[in-house]
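What follows is a set of notes on a single structure, which appears directly below.
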Amino acid sequence: MAGKVLVVTSGKGGVGKTTTTANLGTGLALLGRRVCLVDADIGLRNLDVVMGLENRIVYDLVDVIEGQCKLRNALIKDKRVENLFLLPAAQTREKDAVTPAQMKELCDTLKQEFDYVLVDSPAGIEHGFRNAIAGADDALIVTTPEVSAVRDADRIIGMLEAHEIRSPKLIVNRIRPDMVKRGDMMDIDDVIEILAIQLIGVVPDDQEVIVATNKGEPVIFDRRTRSGQAYYNIVRRLEGEDVPFMQIGPDGFVERLRRLLSRDVRRRA
Amino acid sequence: MRDFFGRLFSREEGSKKAAKDRLRLVLVHDRTSLSPHLLDTLKEDLIQTISKYLEIDTEGLEVNIDQEEETMALVASIPIRSVRRGVVAKANS
Ligand SMILES: Nc1ncnc2c1ncn2[C@@H]1O[C@H](COP(=O)(O)OP(=O)(O)OP(=O)(O)O)[C@@H](O)[C@H]1O
Ligand SMILES: [Mg+2]
C-alpha cells in the first residue's frame, strides 16, 4: 500500500516548518514507520543541519530530478533511527530548477517506498511553495500565535483548497503560557476560531528546541522536554490516536480562584 | 480586595484582544477581495440582467464591496433612465 505525502507549510517564514518536519519525521520513524524527509527549500537548505546530517550529503533533490543520480543514492540514512531518510535540497541552484510536475512525480515514487513522505516547504507562496505542495496528499500548517503568521496561514489555507487539499491540519508553535495568561498572546481557541481548521498540535516556545538544533538532534529524542512531548503527541495523532491536548492556555475560573486564594493564604501566614 | 476581584474577573485585558480584532478585520478583506477583472464581469452581468426591466445609465453605474466592522456588502448604485413599459405591463397582468 502506498504511503502518504504530507507537506509542512506556513506562508510566513521562520515559524518552525523545518523544526516541525525534523521532529515529526523522527518521531514517526521511532514508532517504526518508514519515513522520508524531503527538503523542498531549494537554495536555502536547512533540514540537513537540523537533523545533524549535513556531512553526509553527496547528491541532492535536483540531481535526482535531472537524472544525475539514482534516487536511492541521494537518500541519506539517519544515523540514530532505523527507517528514516533525508532527501536534501540543492544549495547552489535556483528554485525554478524544478517544476511542480517533476516534484509530483518524485513524491509519487517515494510514497511507494515509504509510509510517510514529509515535505519541508519554503516560506512564501511562489514557485518553491507550489513545488512543495504539488505531490502532497495532505498538509500540516504551522503558525505562531501572532497576527502576521495567522494571516499568512489563512492565505495558505485558501491556496491549498484550490489545489484540492481540503482539510489541512494546524500546528500552533511557540505558544508562551506566561503571555497567554496575562492576555498578551492569542490562545489556541482564538487561533482555531479564526482559521476554522482542525488542530493537530500545540508546541510551546521552548529553549530546548534551540539546544537540540545546536546539536543536530531533534528535541523529540528527549521526551522529558515540553516541546519533545508536544511533538510526540502530534506523531501519535498522525497515527490516528486520540491524544488530549496539553493544557497551555489560561486557567478557568476555578483554577484562578484557587491560585489567588492560596496566594492570599500564603501572604497571611 | 479590589485587586483580588479585579484579577479574578479580568479577561482579555492585554494586547491579545487587539490582535484578534485586527486579524478578523484584515481576513474579511483578504478572503473576499474580488479581483478588478471579476468585478468588471460582475458589472457586465448586472447591466444585462437589469436592462431587461429598466433602462439604466450604464456610464453612471457603480459597483463596490463595502466593509463595515465584520460585515460586508455588495453596494451597487445604478441610475435609472426609465422603466420599460412592456415589462411593467407584463408584471401587472
Ligand atoms: N517551539 C519552539 N521553541 C523555541 N524555538 C523554536 C521553536 N520552534 C522553532 N524555533 C526556532 O525558530 C527558528 C526558526 O525555525 P525553523 O527554521 O524551523 O522555521 P522555518 O519555518 O523552517 O523557517 P524558514 O521559513 O526560514 O524555512 C529556529 O531558530 C528554531 O530553532
Ligand atoms: Mg525552513
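The values are calculated or read from the model by the stated rules, or taken from the named source; none is laboratory data. This is a predicted model, so every value here is computed, not measured. All Cβ positions, even for glycine, are placed from backbone atoms using ideal geometry, and neighbour counts span all protein chains on display. These area figures cover heavy atoms from the full protein model, side chains too; ligands, DNA and RNA do not enter into them. Shrake-Rupley method; radii C 1.70, N 1.55, O 1.52, S 1.80 Å.
Out of the stretch A:106-131, which residues are of a type in the set (D, E, K, R) and crowded, with 24+ Cβ neighbours inside 10 Å? Scanning the stretch A:106-131 gives a single hit, A:ASP120.
Conditions (1) within 16 Å of ligand 2 (Cβ to nearest atom); (2) at the interface with chain B (Cβ under 10 Å from one of its Cβ atoms); (3) in contact with a strand residue (DSSP E or B) (Cβ under 9 Å, 6 or more places away or on another chain), marked per residue:
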residue	(1), (2), (3)
A:LYS181	no, yes, no
A:ASP184	no, yes, no
A:ASP190	no, yes, no
A:VAL219	yes, no, no
A:THR225	no, no, no
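Just so you know, in the stretch A:201-211 the residues that are open to solvent by less than 10 Å² (accessible area, probe 1.4 Å) and within 8 Å of ligand 1 (Cβ to nearest atom) include one that is farthest from the other protein chains (Cβ to nearest Cβ), and it is A:VAL203. Scanning the stretch A:2-24 for residues that are at negative phi and either away from ligand 2 (no atom under 16 Å from the Cβ) or among the small types (Gly, Ala, Ser) (or both) gives A:ALA2, A:GLY3, A:LYS4, A:VAL5, A:SER10, A:GLY13, A:ALA22. The set of residues in the stretch A:119-130 that are in a helix (DSSP H, G or I) and within 14 Å of ligand 2 (Cβ to nearest atom) comprises A:GLY128, A:PHE129. Restricting attention to the stretch A:88-96, does a residue exist that is within 16 Å of ligand 2 (Cβ to nearest atom) and either surrounded by 24 or more Cβ atoms within 10 Å (Cβ to Cβ) or under 19 Å from the mean Cα position of the chain (by Cα) (or both)? Taking every residue of the stretch A:88-96 in turn, at least one turns out to be within 16 Å of ligand 2 (Cβ to nearest atom) and either surrounded by 24 or more Cβ atoms within 10 Å (Cβ to Cβ) or under 19 Å from the mean Cα position of the chain (by Cα) (or both). For the stretch A:150-172, a residue qualifies if it is open to solvent by 10 Å² or more (accessible area, probe 1.4 Å) and more than 9 Å from every other protein chain (Cβ to nearest Cβ), and the qualifying residues are A:ASP152, A:ILE157, A:MET159, A:GLU161, A:ALA162, A:HIS163, A:GLU164, A:ARG166, A:SER167, A:LYS169.
So which of A:ALA22, A:ALA89 is within 16 Å of ligand 1 (Cβ to nearest atom), farther than 25 Å from A:GLU208 by Cα, at pLDDT 95 or above and not in a strand (DSSP E or B)? One residue alone meets the criteria, A:ALA89. Could you check, for the stretch A:5-15, whether at least one of its residues is within 9 Å of ligand 1 (Cβ to nearest atom), open to solvent by 20 Å² or more (accessible area, probe 1.4 Å) and among the hydroxyl-bearing types (Ser, Thr, Tyr)? No - not one qualifying residue is present in the stretch A:5-15.
Quick check on my filter: what residues within the stretch A:173-200 are assigned to a loop (DSSP other than H, G, I, E, B) and either surrounded by 17 or more Cβ atoms within 10 Å (Cβ to Cβ) or touching a residue at least 24 places away in the same chain (Cβ under 8 Å) (or both)?
Step one: filter the stretch A:173-200 for residues assigned to a loop (DSSP other than H, G, I, E, B), giving A:176, A:182-187, A:196-197.
If the condition is that a residue be assigned to a loop (DSSP other than H, G, I, E, B) and either surrounded by 17 or more Cβ atoms within 10 Å (Cβ to Cβ) or touching a residue at least 24 places away in the same chain (Cβ under 8 Å) (or both), then A:ARG176, A:GLY183, A:MET185, A:MET186, A:ASP187, A:ILE197 are the ones that fit.
Could you list all residues from the stretch A:142-172 that are assigned to a helix (DSSP H, G or I) and among the aliphatic types (A, V, I, L, M)? Walk me through it before giving the result.
From the stretch A:142-172, those assigned to a helix (DSSP H, G or I) are A:147-162; that's our starting set.
Across the stretch A:142-172, the qualifying residues are A:VAL147, A:ALA149, A:VAL150, A:ALA153, A:ILE156, A:ILE157, A:MET159, A:LEU160, A:ALA162.
Within the set A:LEU75, A:LEU71, A:LEU61, A:LEU44, the sole residue that is open to solvent by 30 Å² or more (accessible area, probe 1.4 Å), within 16 Å of A:ASP96 (Cβ to Cβ) and within 24 Å of the chain's Cα centre (by Cα) turns out to be A:LEU44. Return yes or no: is A:GLY27 away from ligand 2 (no atom under 14 Å from the Cβ), part of a helix (DSSP H, G or I), farther than 20 Å from A:LEU106 by Cβ and of a type outside the set (S, T, N, Q)? So A:GLY27 fits the description; yes.
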